[in-house]
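A.B. asks: One structure, as structure tokens, below. Some questions next.
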4 protein chains.
Amino acid sequence: MRGARFGAERPLVIAGPCAVESYEQTLGVARAVQKAGADMLRGGAFKPRTSPHDFQGIGLEGLRILRAASDETGLPVVTEVMDPRLVAHVAEFADMLQVGSRNMQNYPLLAEVGRARKPVLLKRGMAASLCEWLGAAEYIAQQENFDIVLCERGIKAFACGEYSRHVLDLNVIPAVRSLSFLPVIVDPSHATGVASMVEPASRAALEFGSHGLLIEVADSAQPEPECDAAQAIDAQTLARIVRFARAPRLESMAVPTFEELHMAGYD
Amino acid sequence: MRGARFGAERPLVIAGPCAVESYEQTLGVARAVQKAGADMLRGGAFKPRTSPHDFQGIGLEGLRILRAASDETGLPVVTEVMDPRLVAHVAEFADMLQVGSRNMQNYPLLAEVGRARKPVLLKRGMAASLCEWLGAAEYIAQQENFDIVLCERGIKAFACGEYSRHVLDLNVIPAVRSLSFLPVIVDPSHATGVASMVEPASRAALEFGSHGLLIEVADSAQPEPECDAAQAIDAQTLARIVRFARAPRLESMAVPTFEELHMAGYD
Amino acid sequence: MRGARFGAERPLVIAGPCAVESYEQTLGVARAVQKAGADMLRGGAFKPRTSPHDFQGIGLEGLRILRAASDETGLPVVTEVMDPRLVAHVAEFADMLQVGSRNMQNYPLLAEVGRARKPVLLKRGMAASLCEWLGAAEYIAQQENFDIVLCERGIKAFACGEYSRHVLDLNVIPAVRSLSFLPVIVDPSHATGVASMVEPASRAALEFGSHGLLIEVADSAQPEPECDAAQAIDAQTLARIVRFARAPRLESMAVPTFEELHMAGYD
Amino acid sequence: MRGARFGAERPLVIAGPCAVESYEQTLGVARAVQKAGADMLRGGAFKPRTSPHDFQGIGLEGLRILRAASDETGLPVVTEVMDPRLVAHVAEFADMLQVGSRNMQNYPLLAEVGRARKPVLLKRGMAASLCEWLGAAEYIAQQENFDIVLCERGIKAFACGEYSRHVLDLNVIPAVRSLSFLPVIVDPSHATGVASMVEPASRAALEFGSHGLLIEVADSAQPEPECDAAQAIDAQTLARIVRFARAPRLESMAVPTFEELHMAGYD
């Protein structure tokens, strides 16, 4: 993707608005993201929401806006696709296709994005075991598309909703690196749900071996976003995160062996 | 405690064997830990184990060994106490008293360690909400002992036992810092259960705002430890972690406000 | 559906093979199920599996077999559909459309089954809150299809995989009955994953107010099923469950009020 | 215990107030419980509460009240002990000693109740695996006290606090019966936290093979209880539950084999 390569020497940062709301808003955030040094743009044209009465994204119009923002800034763009009937269409506009947590085991969709010949960002389901997550990736790979990036985004546990939206599970990062050749990144925005936690969570993820970050950013010059406003960071914070991601880092981390992982359930 | 102060400018590292097994083993690890630059020594004389048929620690003899190793190295020592009847006795030997995860809500024990006039390390229960954890600390504080350090050590969730022993919950760190004046540290050894994950987990914890670390170390010159051998790191790894803990760190992290934490449960 | 009405005076029992494998196997099980007194037939033509290398169902041929077995026995049939492009086709063969746990938040699929003008069986996602589950039903209802039956099938928690496949969450039954007019049934086969637990789980579900059951049955005269053999019960056990479901039952259960449900999080 | 025998032909019902508050309140509830047909009385003299600022029980005075209520009604009484130093004292007043969820892995306490030569009610910890629970029982049995009754009381999972206090895990009942000779009962009051769910949960537990019930009851003629008022049922509801417990029940349930339990983690 125009220079963005996951799993290479340095981590990549994908950033952008939660949802594409308008051309002005998207281009504004895209330019701020580019200026902050991010490697890729994110933005949702189709937004899966718990209730059908909540904002669902602006759809196809959003794809055109994303393409324009990507062309203006030179940042490759990733966006979510939920409907197998729209994969080919979304793939015309996007550089990378995102499969969201709710659709991690939507197998017809996985097959379709596998056939689209575009890189795929596969988010972990909210209660997916590592085995289930790698199984989902296998559905994409079965279509001979091996350009898959995994993304941890927080899991469901008893602690959810008391002080953070989900529980960020960083232990899974070295486990993925041990069991799979696929790069793995972290979404600190959904994993915490709290804007002031996004920067420390990003740094923690990088220290734990994450190959990159997927971050929601808002433009303070614009109205509050239609969704997930509480977890969006500003461009200055993003710039600090990008600098941290670029800094040389002691890559001393031994990847655990299979045997070590298997022993992790004892008393 | 002889210079070790939690919650001050720089994070502290507590390290040592899982269990005290002999004078030679404990002093060997203590010297290695001191040489690696750690601030305090840890070691269990009384070991709570899931089965009564597993090694339970060497008890009172272990306390004497710990005191000797502490005196030899100059490192203050923390050790677990499980029985309220032994608190005063353990307090004669230890510089800091540890209440383990299994006993986080053992209120007679909390009251007794509160009365002991020693600093207390209060580990989070395996399924404790933040509210329950702070409530437990309040039982200690009620005895007018406010010298309490909280320690996150991994929680129970569906993912436990597949690739790591517990799920390390770093989101709780900024939440504790927002809601309480108490310092909070992380135990990466129990939170991962995998030796090769301890270093990245330590770095992640420090980047997330942890005031310190509690780490299990083994001495490769000695026989394999009686408990938790799979999660013990060696002294060279510990030395790298200590250097990382001492390095200047961008302390940009805004502590979340109460309102931000309360909003973290939405869609 | 030819006499099967959920949420009426007596609970309904849906039973059948996990997967449709052949005409003989399906008709054999269907006849046994009918003889045992069940109200509806179940069977998967499309099987979502964690790995793409596992048996995926026999697809369209399976739909024809199900239709034939339904016509032979007079039992209405429910079967899973995963692909929005196949909903209209599946609806030609099935009396009721099932949306599986993995697809509970597959919103394009929910809209499509909503438009199909057939009753819908909506299984709970493995980590779905009640709010998320009712939100998913709302996507179907938005298409003016209100003929929706909810199905609890076990959730993910730390206990999964030690002695049962999932954790059966019966507390959700009265909560659904309090918050929604939709009938709610239980799948004891997936919620336990252990054949000998299916009968007690069925009885427990009915005593807890479940409007019915969804059960996997195998025909001992035939080869072991291709999937989930360990949780399939035989026809005699099913017959006992049906008799239990038909027996008069003290319907004393007060449905909890909203306020009672809201208070359930205290110490 | 004066005729109450767990694990025999018919299930036993233990009922009483959450906490002993006064002689009048306790005797009032005890007589109502006796009249409803329950087999044993429960009541807390020492109440472990999340916050030290909440009502902690009336302590030793409560033990005298319980003994008197037990003598008046002829119902054996079970009460919680939290402090190993008080076990012998509590054992003078109680017929059965309860170890609460918070203390399931309080090993000095377990050893002390093991030595007290009284039957023990061992509640499951909120995140205890079956292995950890049976390990805790082993600490009691090690003192040659094998008169132990296990009690499931709800576990922690993501669903806690949305519509019920905990998640009632009935799958564990047949698993305990497969792996251990110890009787196992269910506490539907804490497992649901909602009074109107207690009756259906009780019936479900009995159908799932529970050897008995532990239920909180309030006396509507008296002021609202100091703790857990929202989950206390009245005496008429208790009477219905007792009748249900006494009714003949199809004990068809095959206890799962070890192999069946081990297979429950597959796809």
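Every number in this text was worked out from the coordinates using simple rules, so none of it is lab data. Values in this document were obtained by computation on a predicted structure and should not be read as measured data. Quick reminder, even Gly has a Cβ in these numbers, built from the backbone with ideal geometry, and neighbours come from all protein chains shown.
A.B. asks: Could you grab the Rg to Rh ratio for the range B:98-206? Cα atoms only, Kirkwood for Rh.
C.D. replies: When Rh is taken as the Kirkwood radius, the ratio is 0.98.
A.B. asks: What is the sum of charges, Lys and Arg at +1 and Asp and Glu at -1, for the other residues whose Cβ falls under 12 Å from the Cβ of C:GLY7?
C.D. replies: +1
A.B. asks: When chain D is modelled as a GNM with alpha-carbon springs shorter than 10 Å, which of D:LEU66, D:LEU179, D:LEU213 fluctuates the most?
C.D. replies: Comparing D:LEU66, D:LEU179, D:LEU213 in the GNM, the peak value goes to D:LEU179.
A.B. asks: Mean-square fluctuation check for chain D, GNM, Cα pairs under 10 Å: which of D:ASP71, D:ASP39, D:ASP83 is largest?
C.D. replies: D:ASP71
A.B. asks: How far apart are the A:SER180 label points across copies, placing each 7 Å from Cα toward Cβ, in nm, shortest first?
C.D. replies: Output for A:SER180: 3.1, 3.5, 3.8 nm, nearest copy listed first.
A.B. asks: Set the Förster distance to 30 Å, then compute FRET efficiency between D:LEU27 and D:PHE146 from the Cβ-Cβ distance, nearest 0.05.
C.D. replies: 0.35
A.B. asks: All other residues with a Cβ under 10 Å from the Cβ of D:PHE93 taken together, and with Lys, Arg as +1 and Asp, Glu as -1, what is their net charge?
C.D. replies: Charge balance in the 10 Å sphere: 0.
A.B. asks: For the range D:43-173, just run the numbers: alpha carbon Rg, then divide by 2.2 N^0.38 Å, N being how many residues it has.
C.D. replies: Here the Cα radius of gyration is 1.08 times the empirical estimate.
A.B. asks: Sticking with this structure for a sec: Summarise the partner chain shielding of B:185-197 as one whole number: the mean count of Cβ atoms from other chains within 10 Å of each residue's Cβ.
C.D. replies: Other-chain Cβ atoms within 10 Å of each residue's Cβ, averaged: 4.
A.B. asks: Give me the Kirkwood hydrodynamic radius of the range D:45-109, using the inverse of the mean 1/r over all pairs of distinct Cα atoms, in Å to one decimal.
C.D. replies: Averaging 1/r across every pair of different Cα atoms and inverting gives 12.4 Å.
A.B. asks: Kindly give the distances from D:PRO248 to its copy-mates, label point to label point, with each label point 7 Å from Cα along Cα→Cβ, as nm values to one decimal ordered shortest first.
C.D. replies: So the distances to the same position in the other copies read 1.8, 8.4, 8.5 nm.
A.B. asks: Something else about it: Give the average, rounded to an integer, of partner chain Cβ atoms located within 10 angstrom of each Cβ in B:145-157.
C.D. replies: Going residue by residue through B:145-157 and averaging, the value is 3.
A.B. asks: Which value in deg cm²/dmol, rounded to the nearest 500, describes the helix-derived mean residue ellipticity at 222 nm for chain B, given -39,500 (n - 2.57) per DSSP H run of n ≥ 4 and division by the residue count?
C.D. replies: -10500 deg cm²/dmol
A.B. asks: Can you pick out the pairs among B:LYS123/C:LYS156; C:LYS47/D:LYS156; B:LYS156/C:LYS47; A:LYS156/D:LYS156; A:LYS35/A:LYS123 whose Cα atoms lie more than 22 Å from each other?
C.D. replies: Violating the 22 Å limit, Cα to Cα: B:LYS123/C:LYS156; C:LYS47/D:LYS156; B:LYS156/C:LYS47; A:LYS35/A:LYS123.
A.B. asks: What are the GluC sites (Glu not before Pro) within the range A:68-151 that DSSP puts in a loop, where the Cβ has at most 13 other Cβ atoms within 10 Å?
C.D. replies: Answer in residue order: A:GLU144.
A.B. asks: Stokes-Einstein D for the range C:124-176 at 25 °C, 0.890 mPa s, Kirkwood Rh over Cα pairs, in µm²/s?
C.D. replies: It comes out at roughly 201 µm²/s.
A.B. asks: Of the DSSP beta bridges with both residues in chain D, give the percent that are antiparallel, rounding to the nearest 5.
C.D. replies: 5
A.B. asks: If you take every DSSP beta bridge whose two residues both sit in the protein assembly as shown, what share of them, in percent to the nearest 5, is antiparallel?
C.D. replies: So the antiparallel bridges amount to about 5 percent of the total.
A.B. asks: Another question, then. Going by Cα centres, the range C:103-133 and the range C:172-240 are how many Å apart?
C.D. replies: Here the two parts' Cα centres lie 20 Å apart.
A.B. asks: Would you please report the Å³ per residue occupied by the convex hull of the alpha carbon atoms in the range D:197-243?
C.D. replies: 69
A.B. asks: Which of the aspartates and glutamates could a cross-linker bridge to D:LYS118, judged by Cα under 14 Å and excluding same-chain residues fewer than eight apart?
C.D. replies: D:GLU80, D:GLU92, D:ASP95, D:GLU144, D:ASP147
A.B. asks: Taking every residue in B:171-182, how many Cβ atoms of other protein chains lie within 10 Å of its Cβ, on average?
C.D. replies: 4
A.B. asks: By what distance, in whole Å, do the Cα atoms of the protein assembly as shown stretch along each of the three principal axes, largest value first?
C.D. replies: 73, 72, 51
A.B. asks: Quick one: net charge of B:GLU226's neighbours, Cβ under 11 Å, K/R +1, D/E -1?
C.D. replies: Taking every Cβ under 11 Å from that of B:GLU226, the sum is -2.
A.B. asks: Let me ask you something else. Say a paramagnetic label sat at a point 7 Å from the Cα of D:ALA8, along Cα to Cβ; which residues of the range D:66-106 have their backbone N under 15 Å from it?
C.D. replies: D:75-76
A.B. asks: Could you give me the percent of Cα pairs per 10 Å distance bin for chain A, shortest bin first, beginning at zero and ending with the bin that holds the maximum distance?
C.D. replies: 7, 32, 40, 19, 3, 0
A.B. asks: Along Cα→Cβ at 7 Å, what distances in nm separate the A:CYS131 label point from those on the other copies, shortest first?
C.D. replies: 1.5, 3.2, 3.5
A.B. asks: What residue of chain A sits with its beta carbon nearest the rotation axis taking A to D, and at what distance in whole Å?
C.D. replies: Per the A/D rotation axis, the closest residue of A reads A:PHE158, 3.
A.B. asks: Another question, then. Please identify, among B:MET82, B:MET40, B:MET197, the residue showing maximal mean-square fluctuation in a Gaussian network model of chain B using a 10 angstrom Cα cutoff.
C.D. replies: Top of the fluctuation ranking is B:MET197.
A.B. asks: So how strong a dipole does chain C carry about its Cα centre when Lys and Arg Cβ are +1 and Asp and Glu Cβ are -1, to the nearest 20 debye?
C.D. replies: Its charge dipole is roughly 400 debye.
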